[in-house]
Each structure stands twice: as structure tokens, then as C-alpha cells.
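Scroll down for the structure; my scribbles are underneath it.
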Amino acid sequence: MLELIFAAALMDTVIAPMDFGTVYVHEWGAVTFTEENVIFGANPLTDPNSDFIPPYPSQWEEPVARAPIVYFYGAQFSGTFTVSVHSGNFIETLPFPESLTNTSPMPPPQSYNAVWEIWDTTQNQEYLVEEYYCVSSDMLETWREPPSYVLEFSDGSQEKFVYYECALQPSSEDDFYPVLLRDNGAVLDPAYSGTAMWFVKEGETVVLDRIMGDDPLQGIITPNGPQNIYPEILCDWAGGTMKSAELVSMWDTWEGWIFDGSWSGDTLLVFPFPGSTIEGMTTIDLRTNEYHSVEYSRFYLGILSY
């Protein structure tokens, strides 16, 4: 019975036959809140002292958004892909964008657009580089697992995804709901009743204590139960919006960090962010030269320790 539940959860998100007049843009990332700092993105191993992209200097009192990963499927295309940071700036991008523009109406700079010129899409991975200075080879291999297009950029480089990080300047305590930013740190909204996984430290190990919310796997996972079904849980949380390979890649990125227990405190909550919170941090936009329709799927986890 469990095998049937897990198999159903791992079904790809685009259930109907893919419309090849449409480009499908999928993005996943994570937002971590620990006692030391607030980190937004996909890569738990990123050096927190990484330099910002000029012209904006580093200011680490701001939250930092790390490495959302964007994939492309469906119709082949050429065009421009834009990531907009509404209140903040970029600190890392891969590949480097065609343009990085301050969009603030007045100084100081508080919002930016990064634009990538995509000249072509292909399935040929022959010319992908083996490593980057900002991504480990193991992480790079993990991020290339999903069956997305290889993108050819204006400088001739090729990659299977677009990666970026940004620093954010929250304007209110609930900009990252259901996490609230209080003077004494980040807390989960006491009224939150959505889904979440609770991990706890037991001596030198970390175990899943329980699943909260209306989840078909609730009650199945226990500290002594199977430990290899987390991508299935993410698949259920994503609600049919992401591909299973993307969610496996997502979990593989964070699994080591979660279970090595290097995070602060004794308890770690992992939960899905609502779409409105994601859109409040950044927006993404693809404009194709072929005037294809574009559909977007964005899935982020919140990760809170205390």
C-alpha cells in the first residue's frame, strides 16, 4: 500500500500531453531561518561571506536569497529571461546575465533586474562545463539531473538551468509569511496550520519527529520509519506543479545539511511557502521570440530552526 502511495506521489507534474506551443518554466528554492542568519535559496553550502555583484556593496544585516534554480521545458525557444528583485539586489548569478540593472526610482539602489539572453535550446549536453567557482561538482551534477533543456546563452556558454542569489530588504515583519520576523528572531506564525515536517536532534543524529497538517503521508513517517521518501512528501506539497526529478534534486541538495545537524537549536521545521510569499521576494519572466505561451511553476521550502 505504501508503495502505491509513494508511486502516485512521484508522478510527473505535467500529467496531460505536453503542449509544444508552450514553454514551461520551473523554479525551486529554499528559505532558511536560523539563529545566526536568514538565507533564501537552494544551496546550503554557499559561503555566507560571498561578495555581492557590483555596484552594490555587501550589507549582511539584510536577509540573503540563495540560488533558486530555474529549468525550461516544452517548446524550443529563443528569447530573454528576467529575474526581478523587488527590494534587494543580486549577489550571485550563473551564468552571468546579459544585463544587471538598478530599477529603483531613486537612490539608494533597492531593486534590480537581471536579464539572460537565451539564443537556443537543445538536448545536447556535450559542451557543458565540468565545474564553476561558486558551485561544487557534486552539486552541479545534482542540479543537472532534471530532463530540462540545455540553454545556449549570448556569450556562447551552455547550461541546463539559471541560478541566482539575492539579498532582500524586508519592509515588514510578515514579508516571509508564515515566518514572522521579530526583534528576537524569526518565528513561525502561531496561527499557521499548514503542512510541515519536524526534525529533532537525538544525541548525535537527526530524525523526523512528525508531519504536521493535512498530508496523505501523515502518521506514516516515524523516527524509526523509512528515511528515503522525502521527495515523495515534497511532490505532494508541490501539488502537481513540479517534476519528480526536480524534487529529488531539491531534496538531495538539502538532505546532508538537514541530517548533519549543523543548524542551530534542537528543532528544524521544513514547510512549503505560499505562492504569494514567493512572488513577494522575486518574480521571473520569459519572453520568447516565437511568441510562445509560457507557464510558470515556482516551489519553495521554508526551513526554520530554533
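The values are calculated or read from the model by the stated rules, or taken from the named source; none is laboratory data. All figures in this text were calculated on a predicted structure; none of them were measured in a lab. Please note: Cβ atoms are built from the backbone with ideal geometry, for glycine as well, and neighbour counts cover all protein chains shown. With ligands, DNA and RNA removed, areas are computed over all heavy atoms of the protein, side chains included. Shrake-Rupley method; radii C 1.70, N 1.55, O 1.52, S 1.80 Å.
In region 177-191, the residue that is least open to solvent (accessible area, probe 1.4 Å) out of those that are more than 20 Å from D266 (Cβ to Cβ) and out of contact with any Asp or Glu (no Cβ under 7 Å at 6 or more places or on another chain) is D189.
Among residues that are out of contact with any Leu (no Cβ under 7 Å at 6 or more places or on another chain), within 24 Å of K243 (Cα to Cα) and open to solvent by 70 Å² or more (accessible area, probe 1.4 Å), E130 is not included.
Within region 249-277, being of a type outside the set (A, V, I, L, M), farther than 16 Å from M139 by Cβ and not in a helix (DSSP H, G or I) holds for G261, S262, W263, S264, G265, D266, T267, F271, P272, F273, P274. Considering region 199-217 alone, what residues qualify as being open to solvent by less than 40 Å² (accessible area, probe 1.4 Å) and either in a strand (DSSP E or B) or modelled with pLDDT of 90 or more (or both)? Answer for region 199-217, where residues must be open to solvent by less than 40 Å² (accessible area, probe 1.4 Å) and either in a strand (DSSP E or B) or modelled with pLDDT of 90 or more (or both): F199, V200, V206, V207, L208, I211.
The lone criterion from (1) open to solvent by less than 20 Å² (accessible area, probe 1.4 Å); (2) in a strand (DSSP E or B) left unmet by D285 is number (1). Among the residues of region 264-280, those that are open to solvent by 10 Å² or more (accessible area, probe 1.4 Å) and not hydroxyl-bearing (S, T, Y) comprise G265, D266, P272, F273, P274, G275, E279, G280. Please go through region 118-127 and give me each residue that is more than 22 Å from the chain's Cα centre (by Cα) and of a type in the set (A, V, I, L, M, F, W, C), ordered by number. Residue satisfying the conditions is W119 alone.
What residue, among those in region 105-125 that are touching a strand residue (DSSP E or B) at 6+ places or on another chain (Cβ under 9 Å) and loosely packed, with under 13 Cβ neighbours inside 10 Å, is farthest from N289 (Cα to Cα)?
Within region 105-125, the first condition is being touching a strand residue (DSSP E or B) at 6+ places or on another chain (Cβ under 9 Å), and the residues that meet it are 109-125.
Cutting the leftovers down to loosely packed, with under 13 Cβ neighbours inside 10 Å gives us 123-125.
Working: Q123: 19, N124: 21, Q125: 23 Å.
So, considering only residues that are touching a strand residue (DSSP E or B) at 6+ places or on another chain (Cβ under 9 Å) and loosely packed, with under 13 Cβ neighbours inside 10 Å, the one farthest from N289 (Cα to Cα) is Q125.
Going by the structure shown, is E246 crowded, with 19+ Cβ neighbours inside 10 Å, modelled with pLDDT under 90 and outside any strand (DSSP E or B)?
Numbers: crowded, with 19+ Cβ neighbours inside 10 Å: yes; modelled with pLDDT under 90: no; outside any strand (DSSP E or B): yes.
The answer is no for E246.
Just for region 83-104: of the residues that are within 14 Å of C166 (Cα to Cα) and open to solvent by 20 Å² or more (accessible area, probe 1.4 Å), which one is modelled with the highest pLDDT? Step through it out loud before you land on a result.
Going through region 83-104, the residues within 14 Å of C166 (Cα to Cα) turn out to be 83-94, 96-97, 100-102.
If we keep only those that are open to solvent by 20 Å² or more (accessible area, probe 1.4 Å) too, we end up with 84, 86-87, 92, 96, 100-102.
Values: S84: 95, H86: 88, S87: 83, E92: 87, F96: 92, L100: 92, T101: 90, N102: 88.
Ranking the candidates gives S84 first.
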